[in-house]
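These notes are about the structure you will find just below.
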Amino acid sequence: MEWFRSRVSYHVGPGLSDIKAYEIPEGRSTAFVRENGDFEENPMQQISADFEIMTSDVPHADFPFIKSKLEDSAKSMGEQQARMFFDTLEKATTKTGNVVKARGRMTVDDFFQSLELIEISFDELGRPEMPRMVVGQGAFDQLKEIDKEIRESAVLRSQFDEIMTKKKRKWLAGEAARKLVG
């Protein structure tokens, strides 16, 4: 069973398989309260995969054959899980307005706008702990170009630093409030 779970995680894809998962032993939904007080309930969703061995397959159904069938099922489940994750993420970001629509190629301004919309934590030395981004190859190449533009332009670097300073102030205020409550 653990092997199968690890194969499903592999097929979910890089980045997503690192997200901590929790088993929910009962119930038909999960719920949470957003920062603005909105209550949101999310029904459980099912993923499944068929595992079929035909009678004609039985004579040559050795371990590699069975493992191959299990791998196909794990791939199907991993792809379903990734699709479910991105669908849920899209609904949540659309609902909260945390969406940046890059028309065609992503620009530095699009990137800065996206940074404004997300929370960023900082380590004990005050360095930003940038969140992981899961993107396709095209977006990855664009982000590398944007990073290069920011590093090579004093004006863009200054804008980036200003955003990080605002983020750090907000993070420090949140940390201070948490310490007062705790």
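The values are calculated or read from the model by the stated rules, or taken from the named source; none is laboratory data. Keep in mind the model is a prediction, meaning the values are calculated, not measured. No Cβ is skipped: glycine too gets one built from the backbone with ideal geometry, and neighbour counts run over all protein chains shown.
In the stretch 134-167, what residues are without any contact (Cβ under 8 Å) to a residue 60 or more places away in the chain, under 24 Å from GLY97 (Cβ atoms) and outside any helix (DSSP H, G or I)? Lay out the reasoning, then the answer.
Of all residues in the stretch 134-167, those without any contact (Cβ under 8 Å) to a residue 60 or more places away in the chain come to 135-167.
From what's left, under 24 Å from GLY97 (Cβ atoms): 135-136, 139, 142-143, 146, 159-160, 162-167.
Within the stretch 134-167, VAL135, GLY136 qualify.
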Quiz item: When you scan the stretch 1-38, how many residues do you find that are more than 25 Å from THR96 (Cα to Cα), not charged (D, E, K, R) and not in a helix (DSSP H, G or I)?
Solution: 6
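Could you pull out the residue among LEU156, LEU125 that is outside the structural domain of LEU16 (by TED's automatic domain parsing), over 25 Å from PRO14 (Cβ atoms) and modelled with pLDDT under 95?
Numbers: LEU156 fails: modelled with pLDDT under 95.
Within the list LEU156, LEU125, the selection yields LEU125.
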Quiz item: Is it the case that the stretch 128-151 has a residue that's in contact with a helix residue (DSSP H, G or I) (Cβ under 6 Å, 6 or more places away or on another chain), of a type in the set (S, T, N, Q) and either surrounded by 12 or more Cβ atoms within 10 Å (Cβ to Cβ) or farther than 26 Å from ARG83 by Cβ (or both)?
Solution: no
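Taking the conditions exactly as written (surrounded by 11 or more Cβ atoms within 10 Å (Cβ to Cβ) and assigned by TED's automatic domain parsing to the domain that holds ALA139), does GLU116 satisfy them or not? Explain how you work it out, then say what you get.
Numbers: surrounded by 11 or more Cβ atoms within 10 Å (Cβ to Cβ): yes; assigned by TED's automatic domain parsing to the domain that holds ALA139: yes.
Spelling it out, GLU116 is indeed surrounded by 11 or more Cβ atoms within 10 Å (Cβ to Cβ) and assigned by TED's automatic domain parsing to the domain that holds ALA139.
Just wondering, is there one or more residues in the stretch 16-31 that are surrounded by 13 or more Cβ atoms within 10 Å (Cβ to Cβ), among the small types (Gly, Ala, Ser), within 30 Å of LEU115 (Cα to Cα) and at pLDDT below 85?
Looking for residues that are surrounded by 13 or more Cβ atoms within 10 Å (Cβ to Cβ), among the small types (Gly, Ala, Ser), within 30 Å of LEU115 (Cα to Cα) and at pLDDT below 85, one finds at least one in the stretch 16-31, hence yes.
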